[in-house]
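Working notes, beginning with the structure itself.
A short reminder: the numbers here are calculations on the coordinates, not readings from a lab. Quick caveat: nothing in here was measured; it's all calculated off a predicted structure. Glycine gets a Cβ as well: all are built from the backbone with ideal geometry, and neighbour counts include every protein chain shown.
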Ligand code: SF4
């Protein structure tokens, strides 16, 4: 198997930053891992033709999220400004059977959408001015479901593992620091001079 040189470089860099306890650089590394290079896109238009939001949300759930105070509300609003749901959801089973199956297995109630700016010949009609969300899509996440043959799939899955690895490192260090702070406070309480 041929190793991906970028992934190997990432792994070495992450291990070095962990060894140096460089939390700031590790935080920046997470941001970098979330932004995958658009050069990986094979420009097949699949994710514009058949999309889901946050992997598996239903149309009603997305509307509720868009109208809520939650952090993801603006993303849900942006999504709804571009995408409309398929009138007959089962049509997707014929157009993209593998993707349909994967999404339905993850969440039977998920809704499939199509972008209103996708032309019949599969081109983006607003390519030069396409929204930021389209320019940075997709984000590596455990809920991201890729179309078969998507150029982002392998990198997305590997980046997600690395993001989780860094998050676990942060949690582990936080536990250690909490124990040290608790121990120090206890010691200070015990050694407090009596008047
Ligand atoms: S605006 Fe263009 S790039 Fe974005 S989802 Fe629609 S067709 Fe695709």
How many residues does the stretch 14-56 hold that are within 11 Å of the ligand (Cβ to nearest atom) and not in a loop (DSSP other than H, G, I, E, B)?
6
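Please find, among 122, 109, 151, the residue that is farther than 30 Å from residue 26 by Cα, away from the ligand (no atom under 14 Å from the Cβ) and not in a helix (DSSP H, G or I). Please lay out each step first, then the result.
On the way: 122 fails: away from the ligand (no atom under 14 Å from the Cβ); 151 fails: farther than 30 Å from residue 26 by Cα.
Exactly one of 122, 109, 151 is farther than 30 Å from residue 26 by Cα, away from the ligand (no atom under 14 Å from the Cβ) and not in a helix (DSSP H, G or I), namely 109.
Check 93, 101 and return the single one that is surrounded by fewer than 14 Cβ atoms within 10 Å (Cβ to Cβ), without any contact (Cβ under 8 Å) to a residue 12 or more places away in the chain and not in a loop (DSSP other than H, G, I, E, B).
Details: 93 fails: surrounded by fewer than 14 Cβ atoms within 10 Å (Cβ to Cβ).
Every option except 101 fails the conditions.
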Residue set 85, 131; condition within 15 Å of the ligand (Cβ to nearest atom), more than 30 Å from residue 165 (Cβ to Cβ) and in contact with a strand residue (DSSP E or B) (Cβ under 8 Å, 6 or more places away or on another chain); output residue 85
So residue 116 passes all but one of these: (1) within 25 Å of residue 31 (Cβ to Cβ); (2) touching a strand residue (DSSP E or B) at 6+ places or on another chain (Cβ under 7 Å). Which condition number does it fail?
(1)
